[in-house]
Amino acid sequence: MNRFTWQRAVIKVGSALIAPEGNECSGRFLLALARFITASREAGKEVILVSSGSVAAGRSKVKIRHNASIAEKQAMAAIGQTLMMANWQRFFDFPCAQVLLTADDLRDRTRYVNIKNTLREILNHQALPVVNENDTVAVNELKVGDNDNLGAYTALVAQADTLIICSDIDGLYTADPRKDPTATLIPTVEKIDATIYGLAGGAGTSVGTGGMRTKIEAAEKCTNSGIQTLIVNGRKGETFDSLLEGSVPGTLFKANSTPSSARRLWLTHTLKTAGTIEIDSGAKEALVKKGASLLPSGITHIHGQFEQGDAIDVVCNGSTIAKGLSLYNAKDLLLIKGKKSKDIASVLGYETADVAIHRDDMVLF
């Protein structure tokens, strides 16, 4: 088996594991996964769940005699969401936190930053984020469409180093193992190309929407951004024993770069700067030597009309030393520059954060 290490993982669990009968949540395949999550957290690691199952959980509660309409499926999702969350919560003695997203949330820069901050705070408060697509409001143009790719987007926004996709087969094979007895497991994928996509089959069950192709799509998004991706069999308890030991009992898609360098490229080359802030030498030393976040107290001047979530340059004595995502707009930063973090709420009447730019959203030059 491949060996792997990780610190913050997103684990995607599909409907076939959560609602194997297709009409209600079950714990049949989840106990071993829950033990893995608990043991990982006790070892100091961080876990985010991306969970399917709300529509399947609500299906038995919405009695229809025909193919369900969009509104009826959304009703199933609304009813099933609480059932799905209750099903997860019963496995843990720490709180589970529900996070519902649409594709539109991930496309919008401000909401993207807010999602990142929310996930960070949920983890800081020792809760388990449980992410799902907001099927109660999402229509086709607003949907990610499958939870494999939602898992990838969640790994990106959470700045995870690992995505673990729990499937009902052991990983990626040379052919469909359900149809071809000679199919063999591919333990490692160094690069995702047309050949790898050619190995993808259709959806495995009638409950979920994601087949192997969406899992490869998710792996490609993550590995290109420095996030290693695993496809493993979530129906086997021994899968999670192996993962706890640092072994991959499935397919490992290797990351193309480290997460930090991927973020550096994204911040440095992809995002255009919308403004500039000048800081004093004390703030510079805190950023460069201590890896600190930028506090309002160290800001001396604001230039430009930028919004919350925009990329801005950080300048000291005429030299650009960093670039990051601002947690406040220019107008509000102008009011709180030079002030202590504890004074933000009294000056603005609200407080988004006690820092101007968080260190996770900043790259130093």
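A short reminder: the numbers here are calculations on the coordinates, not readings from a lab. Predicted model only: the values in this text are computed from it and were never measured. A quick note on method: Cβ atoms are made from the backbone with ideal geometry, for glycine too, and the neighbour counts reach across all protein chains shown.
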Angle in degrees between helix 147-157 and the longest Cα principal axis of the chain, rounded to the nearest 10: 20 degrees
Exposure proxy ranking, count of Cβ atoms within 10 Å, fewest first, for Lys179, Lys254: Lys179, Lys254
Spread of Cα-to-Cα distances over 10 Å intervals beginning at zero, given as percent, for the chain: 5, 23, 29, 23, 14, 5, 1, 0
Expected-Rg normalisation [2.2 N^0.38 Å, Cα atoms] applied to region 271-364: 0.95
Where chymotrypsin sites (Phe, Trp or Tyr not before Pro) fall in DSSP loop in region 65-109, at most 16 other Cβ within 10 Å: Phe91, Phe92
Rounded to the nearest 20 debye, dipole of region 271-364 from Cβ charges on Lys, Arg, Asp, Glu: 220 debye
Percent antiparallel among DSSP beta bridges (both partners in the chain, rounded to 5): 40 percent
Among Val99, Gln89, Ala330 - extreme Cα towards positive end, dipole of the chain, charges at beta-carbon: Gln89
Per-residue [θ]222 nm for the chain (sum of -39500 (n - 2.57) over DSSP H runs n ≥ 4, rounded to 500): -10000 deg cm²/dmol
Flagged links, alpha-carbon separation over 32 Å, of Lys12/Lys342; Lys61/Lys116; Lys12/Lys340; Lys45/Lys290; Lys73/Lys215: Lys12/Lys342; Lys61/Lys116; Lys12/Lys340
The chain: angle of helix 31-42 to the longest principal axis, Cα-based, in degrees nearest 10: 20 degrees
Magnitude of the charge dipole, the chain, Cβ model with Lys/Arg +1 and Asp/Glu -1, debye to 20: 160 debye
Amide proton proximity set for Ile164, modelled H, under 5 Å, gap of 5+: Val10, Ile11, Lys12, Leu230
Ordering of 74-85, 123-134, 11-22 by burial proxy (mean other Cβ atoms within 10 Å per residue, highest first): 11-22, 74-85, 123-134
Amide H partners (placed H, <5 Å) of Ile321, local residues excluded: Val314, Val315, Cys316
